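The values are calculated or read from the model by the stated rules, or taken from the named source; none is laboratory data. Only a predicted model underlies this, so the values are computations on that prediction, with no experimental measurement involved. Virtual Cβ from ideal backbone geometry, glycine too; neighbours counted across all protein chains shown.
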Amino acid sequence: MLKLDRREFLIGGAAALAASASASAVPASKLAQRRPGFGAAATLWDLQADPRLGEAISTYCTQVVPVLELKWPMLRPNAHTFNFERADAILDFARDNDLTMRGHTLAWYHDIPDWTKQIKDTKGVERAYVDHIGTVVSYYKDKLTSWDVVNEPIPDNPKKITDRRDTFWTQHLGSNWIPLAFRTAAAADPFVKLAINEYDIESAKDSFIAKRAAYRNLIMDLLDRGVPLHAVGLQSHLHAELEIDTHGLAEFVTELRSWGLDVLVTELDVDDQKLTGSPAERDAIVAKRVNDLLTAVSTSGPVRSILTWGLSDRYSWINGTFARADKQPNRPLPLDGEFKPKPFMDVISKFTRDA
């Protein structure tokens, strides 16, 4: 039997997090500082460990997205159990601070739990897949604003526009794994916004242009097949040494909007590992990349949802993944390691003024 009922938090600090957030209403002075449509990703661990993070999110943001808590390994430890407690704690934090929350992610080639890989027959994989998506979306029905339904379906160096990433899901479900995810999610919650999400399409580098073309082809194919796709996510994990292809990106976004799709910036940050110079010089280049990205994306209309993948440099995945040769920390996010705003935040403020 599926364990769907909310249980008393057994995770250290979760109850304290919810209690401290709900103890007082968000003051009007703080609400006035928020950037409309701006949000950040966070883990429950970081929110519990550092009150400054929750304070910063509630000061600058209007929305939040869990980094890990809605992914399969943490949410689904085995075939018979759904553990919603950690994601619920972030949802409670959002509600207590007058924030909205979006969901990430229902179907991804990565982070597939071992128990799923033990299923050998196609019908069994499909049952687990549909059961997971339907159960999770139903549980959060009317609670979230949007879902990243399918995450990163395009390979990094597609040779042709019809290329799709080879995944556990494609090996068992074929090309239907993508439309099946969207149709299952839409049946579970007909009103939530459903998005597809991808990275490395922003520069003029050949591999990025090829990936953008394959992404476009997939989106067009899904729409032609009547798949309930409402939004396109541009992850925007930018590389500071690469300039933004402002013309190509603006054309791409304009076309998506002409098809009736929303365009969301979903995981914005800037890897500055290859930049030299002082922190101030690096920050200026990072801010320019963000400005160029958002200028291109907003050419055909305002960007009403911009999320950074973290808010403070102190809690960024980039520092643990792309270490700088000079041993200095990366500076990928709007706030530095001491939660002070950088030029990156000035750019966010500029593009969220009229969101």
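A few comments on the model shown:
- Applying the criterion of being under 18 Å from A185 (Cα atoms) and either polar (S, T, N, Q) or without any contact (Cβ under 8 Å) to a residue 40 or more places away in the chain (or both) to the residues of the stretch 214-229, the residue that is surrounded by the most Cβ atoms within 10 Å (Cβ to Cβ) is L223.
- The number of residues in the stretch 288-318 being over 24 Å from P51 (Cα atoms) and either crowded, with 23+ Cβ neighbours inside 10 Å or aliphatic (A, V, I, L, M) (or both) comes to 8.
- Scanning the stretch 193-211 for residues that are of a type in the set (D, E, K, R), more than 14 Å from E152 (Cβ to Cβ) and in a helix (DSSP H, G or I) turns up just one, D206.
- Extreme residue, farthest from L144 (Cα to Cα), among residues of the stretch 302-318 that are at pLDDT 95 or above and touching a helix residue (DSSP H, G or I) at 6+ places or on another chain (Cβ under 6 Å): Y315
- Qualifying positions in the stretch 41-56 - aliphatic (A, V, I, L, M) and either assigned to a loop (DSSP other than H, G, I, E, B) or under 12 Å from M101 (Cα atoms) (or both): A41, A42
- Filtered by the rule that a residue be closer than 17 Å to F191 by Cβ, surrounded by 15 or more Cβ atoms within 10 Å (Cβ to Cβ) and among the polar types (S, T, N, Q), the stretch 93-144 gives a lone residue, T100.
- I201 vs. criteria among the aliphatic types (A, V, I, L, M) and either more than 23 Å from D163 (Cα to Cα) or within 20 Å of the chain's Cα centre (by Cα) (or both): yes
- Only one entry in S203, S175 is polar (S, T, N, Q) and modelled with pLDDT under 95, namely S175.
- Looking across the stretch 22-40, just one residue is of a type in the set (A, V, I, L, M) and at pLDDT 80 or above, and that is A40.
- Within the stretch 319-355, tally of residues that are at pLDDT below 95, among the small types (G, A, S) and surrounded by fewer than 15 Cβ atoms within 10 Å (Cβ to Cβ): 3
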